[in-house]
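Novice: My questions all concern the structure below.
FYI, it's all coordinate maths here, none of it is from the lab. Just so it is clear, the model here is predicted, and its values are computed rather than measured. Using ideal geometry, Cβ is built from the backbone for each residue, glycine included, and neighbour counts are taken over all protein chains shown.
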Amino acid sequence: MASSPIKDLTTSSISVESQGQAPSPLRKMIAVASIASGVQFGWALQLSLLTPYVQLLGVPHAWSSIIWLCGPISGLIVQPIVGYYSDRCKSRFGRRRPFICTGAIAVAIAVILIGFAADFGHSLGDNLTLKTRPRAVAFFVLGFWILDMSNNMLQGPCRAFLGDLSAGNQSKIRSANAIFSFFMAVGNILGYAAGSYGKLYKVFPFTETKACNVYCANLKSCFFISIILLTILVIFVMIYVEEIPLTSSSNINDENDIGITLCIRSLFGAFKELKRPMWVLLLVTCLNWMAWFPWVLYDTDWMGKEVYGGEVGHKVYDMGVHAGSLGLMFNSIVLGVMSLVVEPLSRLVGGLKRLWGLVNFILAIGLAMTVLITKEAEAHRQFTVVAKGVREALPPSTGISGGAFALFSVLGIPLAITYSVPFALASIFSSTSGAGQGLSLGTLNLAIVIPQVRNNDKILKLLNFFVCEVFD
């Protein structure tokens with residue numbers, strides 16, 4: 001009986017990934033995983049600096065989230081397509097390395113557009129005395145979207161590369177993804193540290209210009225460091241870690257089978273051919289991230305408003321946001337430590353799936369504790385009278401702020417598992433079921449970004465506006 005063409009598309013990569021090759025040494029997996037620190041360094045800068053920066057350029061706070069739409073959109077589109085093409089890339093440099101290198105170059109272009117947006121806008125006619133600088137905002141948005149897409153172009157092939165190097169060895173796959181999670185924590189710590197240091201621009205004195213104040217110059221300097229770090233890591237991996245090229249003799253479809261139409265057919269076909277364990281993985285991942293995204297998006301805002309009792313733009317709110325950034329630093333430290341013990345813990349509790357289930361209880365309890373901390377902060381809040389009899393909240397007691405910091409820290413435990421276990425399971429299912437690493441991880445990414453789209457009310461408003469305009 002002839003096999004389904006869709007099934008051939010979705011299963012062809014496994015013949016290359018399981019030709020009896022021995023797993024690569026752990027040191028080479030560590031080298032590839034280290035790229036995560038360069039990528040996450042940039043993500044940390046995005047989370048901590050870019051939203052205030054775009055408001056500095058004149059974009060209203062309420063519309064800042066529109067700019068963040070690129071995250072879920074690029075994750076929804078870019079990573080699955082990149083995964084599909086990287087499974088079938090026949091470059092003499094290998095399947096994954098060309099995409100990793102291209103992604104790194106795109107990151108460099110993006111951060112230059114972002115960092116110099118104010119200067120580019122001013123040179124093209126932006127009036128610095130006005131609140132809004134439209135040309136600078138245009139450069140910023142373009143760079144921001146390129147940055148999000150290039151980060152997705154980097155992360156997917158890096159994880160797929162780790163799956164290739166593991167050669168189907170489940171223990172190696174688990175260890176590789178845990179190491180990747182560890183380097184994500186390292187990148188977070190470095191990024192938050194760089195973003196919080198207010199005098200970094202003095203290392204690059206040329207960054208402060210007429211159109212770019214000290215805050216803007218610090219952002220430029222952080223991104224210069226990001227480019228340097230990522231470039232060093234990518235060049236090292238390109239030289240040190242060899243990749244066997246995919247040849248025409250491998251059981252991969254001919255070149256006329258790599259068009260965008262068949263790519264889309266393959267993505268839909270991947271869902272048709274998914275086995276039950278992969279469907280369960282996608283469902284649990286989706287539910288897991290529905291819980292995570294509100295916390296990830298609003299954790300520092302929660303500290304500023306609910307724990308510290310401040311209002312946006314006021315001193316107490318800013319103190320709370322800075323305290324939240326410190327909490328994220330604690331979270332990243334726990335994330336890094338926890339990532340190193342994922343493999344022994346999984347053996348201790350009886351497997352990855354059981355470990356993931358257990359830490360999800362920690363996540364549920366932790367998120368429920370936000371209600372308790374909020375209520376305690378409200379009950380014990382004290383006020384001081386400022387000008388014209390207006391009351392302003394005082395910072396919370398040491399016990400309440402300490403409880404909030406403890407919550408940030410504890411949530412680093414389930415976050416470490418979330419960053420490693422689902423991807424390890426997807427790679428394992430890919431190796432045993434016959435799907436390509438890139439396509440499988442891209443499919444898993446859909447389960448991560450769909451909750452983000454669902455949680456972004458701006459996306460829903462835009463979709464509603466589009467439907468009304470077209471069909472009314």
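Novice: So how far apart, in nm, are the two label points at residue 90 and residue 298 if each is 7 Å from Cα heading toward Cβ?
Specialist: Those two pseudo-labels are separated by 5.2 nm.
Novice: Go ahead and collect, in residue order, the members of region 187-225 whose backbone nitrogen is under 20 Å from a label point 7 Å along the Cα-Cβ direction of residue 333.
Specialist: Within reach of a label on residue 333: 187-198.
Novice: Let me ask something else about it. Rounded to a whole number, what is D in µm²/s for region 339-390 from Stokes-Einstein with the Kirkwood radius over alpha-carbon pairs (37 °C, 0.692 mPa s)?
Specialist: 227 µm²/s
Novice: Let me ask something else about it. Beyond 32 Å between alpha-carbons counts as too far, so tell me which of 131/202; 315/375; 210/305 fall in that bin.
Specialist: 210/305
Novice: Now for a separate question. For residue 397 and residue 287 in the same chain, what is the full-extension length gain: residue separation times 0.36 nm, less their Cα-Cα distance, in nm?
Specialist: Result for the pair: 36.1 nm of gain on full extension.
Novice: Could you work out the percent of alpha carbon pairs in region 60-186 separated by over 23 Å, rounded to a whole number?
Specialist: 46 percent
Novice: On to the next question. Each label point is 7 Å from the Cα along the Cα-to-Cβ direction; what then is the distance between the points at residue 341 and residue 384, in nm?
Specialist: 4.1 nm
Novice: So for each of 178-187, 342-351 I average, over its residues, the number of other beta carbons within 10 Å; can you give me the resulting order with the highest mean first?
Specialist: Packing order, densest peptide first, comes out as 178-187, 342-351.
Novice: Using Cα pairs closer than 8 Å and at least 6 residues apart in sequence, work out the relative contact order for region 305-365, in percent.
Specialist: Reported as a whole number, the value is 14 percent.
Novice: Looking at region 317-365, what % of the alpha carbon pairs are farther apart than 18 Å?
Specialist: Percent of Cα pairs beyond 18 Å in region 317-365: 48.
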